[in-house]
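Structure, as structure tokens:
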Amino acid sequence: MKWQVIPDQVVNCCSWDDEFVFYNKLSGDTHLLDSTATQILLELRQSPLNVLSLTEVLAPRLQAKMVTYEEFFFQIEHLLNELNTLGLIEFS
């Protein structure tokens, strides 16, 4: 199962340090996201990906030294579900 940014969605973004504010034009909502959630959105803008592919792409850049690969996988999966709940991504 692959995830993608919702088609025709224009998301404006501003950043401060490691936090990013996204305005979702489709819903009119504004969301404060951390850098990991932002990286997920940026990757999904390029192409639909499943959890495993996202984990493989993001792990070298974002995985903390004290977190195992499996824990990082579950963190990515959790963030995908949250981004879906926020209406920023969907299944492709």
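The values are calculated or read from the model by the stated rules, or taken from the named source; none is laboratory data. Source: prediction; values computed, not measured. FYI the Cβ positions are ideal-geometry reconstructions off the backbone, even for glycines, and counts take in every protein chain you see. Please note that ligands, DNA and RNA were not included when accessible areas were found on the heavy atoms of the full protein model with its side chains. Shrake-Rupley method; radii C 1.70, N 1.55, O 1.52, S 1.80 Å.
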Hey, can you tell me all the residues within the range 30-41 that are outside any strand (DSSP E or B) and either polar (S, T, N, Q) or at pLDDT below 90 (or both)? 35, 36, 38, 39
Output for Cβ contacts, cut-off 9 Å, separation at least six or different chains, first residue within 15 Å of residue 29 (Cβ to Cβ) and without any contact (Cβ under 8 Å) to a residue 12 or more places away in the chain in the range 75-92, second part of a helix (DSSP H, G or I) and open to solvent by 30 Å² or more (accessible area, probe 1.4 Å), reads none
Filtered residue count, the range 19-30, keeping only those that are open to solvent by 20 Å² or more (accessible area, probe 1.4 Å) and touching a strand residue (DSSP E or B) at 6+ places or on another chain (Cβ under 8 Å): 7
Name every residue in the range 43-69 that is at pLDDT 90 or above and either more than 26 Å from residue 9 (Cα to Cα) or open to solvent by 90 Å² or more (accessible area, probe 1.4 Å) (or both), in order of residue number. 46, 56
Please count how many residues of the range 78-92 are open to solvent by less than 70 Å² (accessible area, probe 1.4 Å) and among the charged types (D, E, K, R). 1
Within the range 6-20, count every residue that is in contact (Cβ under 8 Å) with a residue 40 or more places away in the chain and part of a strand (DSSP E or B). 1
Among (1) over 19 Å from residue 76 (Cβ atoms); (2) of a type outside the set (A, V, I, L, M, F, W, C); (3) in a helix (DSSP H, G or I), there is one condition residue 23 misses while meeting the rest; what is its number? (3)
